[in-house]
1. Hey, any idea what the orientation-averaged projected area of the convex hull of the range 218-369's Cα atoms comes to, in nm²?
2. Could you tell me the accessible area of Ser339 in Å² (1.4 Å probe, neighbours in place), rounded to the nearest ten?
3. Name the residue farthest towards the positive end of the dipole of the range 271-516 from the options Tyr310, Cys491, Ser506, assuming +1 on Cβ of Lys and Arg, -1 on Cβ of Asp and Glu, about the Cα centre.
4. Measure off, as a whole percent, the carbon and sulfur share of the 1.4 Å-probe accessible area of the range 271-516, all protein chains present.
5. Can you give the net charge of the other residues whose Cβ lies under 9 Å from the Cβ of Leu363, counting K and R as +1 and D and E as -1?
6. What net charge is computed for the residues neighbouring Val304, neighbours being all others with C-beta under 13 Å from the C-beta of Val304, Lys and Arg scored +1, Asp and Glu -1?
7. Can you order the peptides 329-335, 351-357, 271-277, 444-450 by their average number of other Cβ atoms within 10 Å per residue, highest first?
8. Are there any GluC sites (Glu not before Pro) in the range 397-474 that are in a DSSP loop and have at most 15 other Cβ atoms within 10 Å? List them by number.
Amino acid sequence: MRMPRRGLVIQARTRWLLVGLALLFSLVLLMYLLECAPQTDGNGSLPGVVGESMGKEYYQALLQEQEEHYQNRATSLKRQIAQLKQELQEMSDKLKSLQEKKTPKVNGMNYQGTKEQTSNDLLEFLHSQIDKAEVSVGAKLPSEYGVIPFESFTSMKVFQLEMGLTRHPEEKPVRKDKRDELVEVIEAGLEVINNPDEEDGQDEDDGVGDRQLYSENDFIEGYYRTERDKGTQYELFYKKMDGMEYRHVTLFRPFGPLMKVKSETVDISRSIINVIVPLAGRTEAFAQFMQNFRDVCIHQDKRVHLTVVYFGQDGLSEVKSILESVARETDFHNYTLVSLNEEFNRGRGLDMGARAWEKGEVLMFFCDVDVYFTAEFLNSCRLNAEPGKKVFYPVVFSLYNPAIVYANQDIPPPVEQQLVHKKDSGFWRDFGFGMTCQYRTDFLTVGGFDLEVKGWGGEDVHLYRKYLHGDLMVIRTPVPGLFHLWHEKHCADELTPEQYRMCIQSKAMNEASHSHLGMLVFRDEIEAHLRKQAYRTNSEAVG
């Protein structure tokens, strides 16, 4: 019993001895470190120990050094600023001296017109933009793809060529900036008309009380297009409800404020249009055309002459009968029937129709039997063609096959109800150049049609290119009052490969919209899906 107790005492003493040795070793090591630690230049030591006062002096020295550095930097910047001010003053004195040399003296004193000179320079630049743009004269272009078409608009709608997959051929401007732009343009045109200056041709003796004031309600239509490196051109037309005179205002925005190009009065009350229609067969379509002609030209416009150039003998008697019947019923005798006993050639027919006119200058509208137009279009024709200056190439809205468009109805609606600008009802025929308004002298001067072109297509593009290569301005824009009615198209084997390709392309484009054609392509898949849905519904009802 004594041995275990003695062993425990020995173990306790040994443990205390080891702890004492460890403490002694630590104290010796600490003393060694304090003695051997390197001294700093300021004889400082670790903060918080014996050298605390020395540490404060060290940081104060650092702060003083940084302050001196920033003071030197500030002095350097002040010196540079002073130098720049001196150079700027010298440049200003030189500029002032040059201006004084160029500025005329009034009563022995220099007239300081710096602001006026700046304003004049700006106006000179803006007018140079107008001179560069295709506003007053046409530009010579390499092909039909070089022309920049206009887009047309009224106070409520815009008729546009570029639609993509989301926009519509006719729509109200969705973006506020676009609405504001058109409102600003219409108001600017009114300001020009209601407050004319001397160059507008208004008599100075005419007071405001003697002059008719125009309002937003008198705005008829407008066209605009943008040349990306110059600006936007606007052609605006105004007319009083009970008048026959149109006011035409041209504005140009050279990527800056609107600038007036001209303001003029356009009197179209005596402007006769010679509507020229080449035809071969298709007497039913001609009867429908004459119904539209009767309503628009005879009853409404009353300033139209009709020239029909008929090819061949088959159907000629029917065409004569239709014309005579209309003449008896309406007392209309301003028509000419030219008969050609030869194969149909559209270019030759229009050329013969133009040359058959023997009463001097006249505005011609080259038309087809499948085209439907309104009285408003005839006025657009008159307003946008000018002898020796402008030819009008409107973009037609081509209607799709009514059997496809109105497939959910028993029969398609009457033609008058089909005349709507919707994505599924038609498209802007921007690849067609057959419908055009131009003066007879311009047509003859440019050389007319290429009569070597046979059969369908091509002759209109050749004539269009002739105008693009000349000096006349080509007005190209979609118009809401011109429609191409759908009809069955046959592409003859006698056509050249290029003509046949164009004919097939036109046939495909005319048939239906993208979505309707897609529905036809996937008709079997859709019907199979509907059958499955009906079977599932019936099964659930029975269960």
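The values are calculated or read from the model by the stated rules, or taken from the named source; none is laboratory data. It should be emphasised that the depicted structure is a prediction, and the values quoted were computed from it without experimental measurement. So basically every Cβ, Gly included, is an ideal-geometry build from the backbone, and we count neighbours across all protein chains shown. For accessibility, only protein heavy atoms count, side chains too; no ligands or nucleic acids. Shrake-Rupley method; radii C 1.70, N 1.55, O 1.52, S 1.80 Å.
1. Values: hull surface 48.1 nm².
About 12.0 nm², averaged over all directions.
2. Roll a 1.4 Å probe over it and Ser339 shows about 60 Å².
3. Ser506
4. Values: 5340 of 10570 Å².
Ligands and nucleic acids excluded, carbon and sulfur give 51 percent.
5. On the way: positive: Arg382, Arg440; negative: Glu361.
Neighbourhood net charge equals +1.
6. Every neighbour counted, the sum reads +3.
7. Numbers: 329-335: 13.1, 351-357: 18.3, 271-277: 20.7, 444-450: 15.4.
Answer by packing, highest mean first, reads 271-277, 351-357, 444-450, 329-335.
8. Values: sites: Glu416, Glu452, Glu459; in loops: Glu452.
Filter output for the range 397-474: Glu452.
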